[in-house]
Amino acid sequence: MPDQREAFRISAWAEAGLGSGWNFVRADRQHMTLGITNDYERPPFELHEKLFRAGDMVAASPVAVELDQLAVGGERAMLRPRHVNAPLKALQRAIAEAMAAMGAPMRAGWRFAPHLTLGFAARETAGRAAPPPRPISAFGWQACEFVLVRSLIGQTRHLILRRWPLMAARSPQYELF
């Protein structure tokens, strides 16, 4: 999730740059999905426990995130990176591996494609021809945590269930003292 300052910058830019005809994602709900399960009306309690244990397994350093491309397609507008972000990809892979190890598989057919959704087309603008992705001045932040979010389907609400800090690995040498 971008820090609050960057989230508000992104929101202001999206509203000014995309104009009307969009239902924008609020600044406090901006995020980048690193893993996703199947949708559940009421997720089984065991799933939460498995995801909590998976999150506890992940050890990674903070990750610099830079989004420097606007893509509008289908019925959504999003920011994406133009280049591969190896540390971000490694973090996502660590989360996916931990989920699999705990028996909480990713949604079938889902693949990681880093992006931050800006908004969804309103009915009157849905279906219009999409322009090609274009470079923009970058938005960026240091991701210092990852969170487990439960999306309440059809309610446009997200509940943060747990947070995990991203911390640089300590040198084993310092553990001697």
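Pairing each residue of segment 92-105 that is closer than 18 Å to ARG162 by Cβ with any residue that is of a type in the set (Lys, Arg), provided the two are 6+ apart or on different chains, yields C-beta distances under 9 Å for ALA98/ARG53; MET99/LYS50; ALA101/ARG53; MET102/LYS50; MET102/ARG53; GLY103/LYS50; ALA104/LYS50; ALA104/ARG53. Does any residue of segment 51-62 turn out to be in contact with a strand residue (DSSP E or B) (Cβ under 9 Å, 6 or more places away or on another chain) and of a type in the set (Ser, Thr, Tyr)? Taking every residue of segment 51-62 in turn, none turns out to be in contact with a strand residue (DSSP E or B) (Cβ under 9 Å, 6 or more places away or on another chain) and of a type in the set (Ser, Thr, Tyr). Can you pull out every residue in segment 75-94 that is open to solvent by less than 70 Å² (accessible area, probe 1.4 Å) and in contact with a strand residue (DSSP E or B) (Cβ under 9 Å, 6 or more places away or on another chain)? Answer for segment 75-94, where residues must be open to solvent by less than 70 Å² (accessible area, probe 1.4 Å) and in contact with a strand residue (DSSP E or B) (Cβ under 9 Å, 6 or more places away or on another chain): ALA77, MET78, LEU79, PRO81, ASN85, LEU88, ALA90, LEU91. Which one is nearest to the chain's Cα centre (by Cα), of the residues in segment 41-80 that are touching a residue at least 60 places away in the same chain (Cβ under 8 Å) and assigned to a loop (DSSP other than H, G, I, E, B)? Per the criteria, the residue is PRO62.
A single member of ALA129, ALA121, ALA143 is modelled with pLDDT under 95 and open to solvent by less than 40 Å² (accessible area, probe 1.4 Å), and it is ALA121. For segment 160-177, the candidate set comprises residues that are open to solvent by 100 Å² or more (accessible area, probe 1.4 Å) and basic (Lys, Arg); within that set, the residue that is modelled with the lowest pLDDT is ARG170. For segment 16-40, the candidate set comprises residues that are assigned to a loop (DSSP other than H, G, I, E, B) and open to solvent by 60 Å² or more (accessible area, probe 1.4 Å); within that set, the residue that is nearest to ALA143 (Cα to Cα) is HIS31.
The values are calculated or read from the model by the stated rules, or taken from the named source; none is laboratory data. All values derive from a computational prediction rather than experimental measurement. Here the Cβ is made from the backbone with ideal geometry for all residues, glycine too, and neighbour counts use every protein chain on show. Just so you know, the surface numbers come from the protein's heavy atoms only, side chains and all, with ligands and any DNA or RNA stripped out. Shrake-Rupley method; radii C 1.70, N 1.55, O 1.52, S 1.80 Å.
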